[in-house]
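The values are calculated or read from the model by the stated rules, or taken from the named source; none is laboratory data. Note that the structure is predicted; figures quoted are calculated from it, not measured. Don't worry about glycine lacking a Cβ; one is built from the backbone with ideal geometry, like all the others, and counts go over all protein chains shown.
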Amino acid sequence: MYHIQNFLSLGVTEAVHPLVIEGVTEAHTITLEDKTYRPPISIFYKLPAIYQVSKPLMPFHMLFTFKDISESFEVFLKNWFDKAEMLKPVYDLYFGTLYNPRMYLQHAFLSLVQAVETYHRRTMRNYELPEDEYQSRIAEILNAVPSGYEKWLKWKLKYSNEPTLKQRLEDILEAFSEFLNGFIENKSSFVDKTVYTRHYLTHFDPDLKERSAEGEELYRLTQKLKVLLQICLLKELGFSSDSVRGLISRARTKGILG
């Protein structure tokens, strides 16, 4: 049910909750005229706070509808479940911002940045140098420092072969560049602002404050990250490039996306 909720929430672009759950059990069986029936049993359990449960759901407010996926519905749903283990951290971080609409904007931004980082880690090259070249570099560096600093430096360099946030963002923007026209025009500015803002909100270094986003600028930056993740997830679902382009264009025209 967790994954189905997320699947629907991606299409709706808002949190989706089960409002009615029913089940059957052998203990609740009725036999009439030699035929056995198992009437449905209502299942009740406590839900977290649900916001705007009575809000009408209109097709033109959705990222995609059943009509958009009806011809290959089983394929889309299978892809969603098949990739659930690999992408679960991305699901958790992205959908966490939908299911917590009162989350502070700064926290939503950090969650989405982390989701982008995790998506890159799980789906793209997660190293700068091949392992043998990297180990040679580390060995050369460690041999050049006093022995008393080797253990400390080795720990500091433990993740030095992984791409930086800047590199991860650049890789994703390059991979999905065909969908970003009119949305993220200045990729370099977007990357720099995202990196500086993430570093400032993580470490609160005063030197980064002027370079980081806040207020309306932070909101717009957060919305762009949200749409970038939606594009990633649509591709993982199995939408063709033309379909993704059409869905994003339609959603932006309707004012659903930033």
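Overview of values
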| read-out | value |
| --- | --- |
| Check on Phe81, assigned to a helix (DSSP H, G or I), of a type in the set (Phe, Trp, Tyr), in contact with a helix residue (DSSP H, G or I) (Cβ under 8 Å, 6 or more places away or on another chain) and surrounded by fewer than 16 Cβ atoms within 10 Å (Cβ to Cβ) | yes |
| Filter result for Ser189 (closer than 30 Å to Val75 by Cβ and of a type in the set (Ser, Thr, Tyr)) | no |
| Qualifying residue in the range 192-206 (condition: closer than 23 Å to Leu234 by Cβ, in a helix (DSSP H, G or I) and touching a residue at least 40 places away in the same chain (Cβ under 8 Å)) | yes |
| Members of the range 207-243 found to be assigned to a loop (DSSP other than H, G, I, E, B) and not hydrophobic (A, V, I, L, M, F, W, C), listed by number | Ser212, Glu214, Gly238, Ser240 |
| The listed residue being buried (at least 16 other Cβ atoms within 10 Å of the Cβ), free of Cβ contacts under 8 Å to residues at least 60 places away in the same chain and closer than 18 Å to Glu14 by Cα, out of Leu57, Leu63, Leu93 | Leu93 |
| Selection within the range 164-191 - closer than 17 Å to Ser243 by Cα, outside any helix (DSSP H, G or I) and hydroxyl-bearing (Ser, Thr, Tyr) | none |
| Condition broken by Leu218, with the remaining ones in (1) surrounded by fewer than 20 Cβ atoms within 10 Å (Cβ to Cβ); (2) within 23 Å of Phe7 (Cβ to Cβ) satisfied | (2) |
| Failed condition for His107, given (1) within 13 Å of the chain's Cα centre (by Cα); (2) modelled with pLDDT of 95 or more | (1) |
| Near pairs, Cβ below 9 angstrom, 6+ apart or cross-chain, from the range 154-175 (farther than 18 Å from Leu233 by Cβ) to any residue that is at pLDDT 95 or above and among the aliphatic types (A, V, I, L, M) | Thr164/Val195; Leu165/Val113; Leu165/Val116; Leu165/Val191; Leu165/Val195; Lys166/Val191; Lys166/Val195; Glu170/Val191 |
